[in-house]
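All remarks here apply to the structure that follows.
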Amino acid sequence: MNQGLIYFMDELCAGIEIYFTGRTGGQYLKTAFILCDDYTELASKLYLLTANPTWSDQNAPGRFKNYHDVMDDVKDLVKSTMAAQLRTIELFQISMKRRRGRRNDFFHSTSLLDLNVTQRNCVEAFCDLLEYGEILLGSDWRAALENARNLGTYEILLHLERRAFSDPSITPQVNKILQEWPRNTSNTSRKGVHLA
């Protein structure tokens, strides 16, 4: 498996943990949103390097390609290697580019320092990234994701949150399951894991 992808999944897991730890009071939503945007660019670069080892993130020595150039490189490679997925990738990239513009506004416009990011902004960004990466990197993405700490669980929780935006009955159902889940029980098994 691609070692870069394994490292990437650890970083992605940390970013999602930041989202979950700060979402109640909204303390870390902007941080999680910005990290997710960075992860989108990294996932794109991982795909490009995996699919084409001669790809470079530089236009000229010492000059790195900007975000939009990287996304265009992804689109061009998808067009030539998996054309059936091109429209889906384009739709993801439209949202991702819009998020990049918003992210850049945080840093370049002092009038937007107090701009808030909502829970929905973060959930949609992370869900899009998870789906985008799986389309681009396929089974390698899935294997790396499932081997990264709690990332598989976080993925499920994020998708449930996203679904709850259009079906509010989901949240109480998930809360009920989590409330009834055994906690701090003794585990007599000498093998396996303890579930909390």
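Please work out the ratio of the alpha-carbon Rg of region 87-167 to 2.2 N^0.38 Å and round it to two decimals.
After normalising by residue count via 2.2 N^0.38 Å, the value is 1.26.
Once both axes come from the Cα atoms, what is the angle between helix 67-81 and the longest principal axis of the chain, in degrees from 0 to 90, rounded to 10?
90 degrees
Find out how many positive minus negative residues lie around Ala14, taking Lys and Arg as positive, Asp and Glu as negative, among other residues whose Cβ is under 14 Å from that of Ala14.
Summing Lys/Arg as +1 and Asp/Glu as -1 gives -3.
Mind listing the phi-derived Karplus ³J(HN,Hα) values for region 6-23, rounded to whole Hz, using 6.51, -1.76 and 1.60 with θ = phi - 60°, and x for any glycine or proline?
5, 4, 4, 5, 4, 5, 4, 4, 5, x, 5, 5, 4, 4, 5, 6, x, 6
In whole Å, how far is the Cα centre of region 150-166 from that of region 24-71?
23 Å
Can you list the HN-Hα couplings for region 173-178, worked out from phi with the Karplus curve (6.51, -1.76, 1.60; θ = phi - 60°), rounded to whole Hz and with x for Gly and Pro?
So the Karplus estimates, Gly and Pro as x, are 5, 5, 4, 4, 4, 5 Hz.
Per residue, what volume in Å³ does the convex hull of the Cα atoms of the chain enclose?
154 Å³
Ordered by residue, what ³J(HN,Hα) values in Hz, to whole numbers, does region 33-46 give under the Karplus form 6.51 cos²θ - 1.76 cosθ + 1.60, where θ = phi - 60° and Gly and Pro are x?
Listing the rounded values in order: 4, 5, 4, 4, 4, 4, 5, 4, 5, 5, 4, 4, 5, 4 Hz.
Quick one: of Lys45/Lys97; Lys75/Lys97; Lys30/Lys75, which pairs are farther than 22 Å apart, Cα to Cα?
Lys30/Lys75
Tell me the mean residue ellipticity at 222 nm calculated for the chain from its helices only (DSSP H runs of n ≥ 4, each -39500 (n - 2.57), averaged over every residue, nearest 500).
Rounded to the nearest 500, the figure is -24000 deg cm²/dmol.
Report the chymotrypsin sites (Phe, Trp or Tyr not before Pro) located in region 39-119 that are in a DSSP loop and have at most 10 other Cβ atoms inside 10 Å of their Cβ, or state none.
none
I need the Kirkwood Rh of region 20-72: take the reciprocal of the average 1/r across all distinct C-alpha pairs and report it in angstrom.
12.8 Å
Relative contact order, percent, of region 1-159 when contacts are C-alpha pairs under 8 Å separated by at least 6 residues?
About 34 percent, as a whole number.
Rule-based calculations on the coordinates, nothing more; no lab input. Values in this document were obtained by computation on a predicted structure and should not be read as measured data. Here the Cβ is made from the backbone with ideal geometry for all residues, glycine too, and neighbour counts use every protein chain on show.
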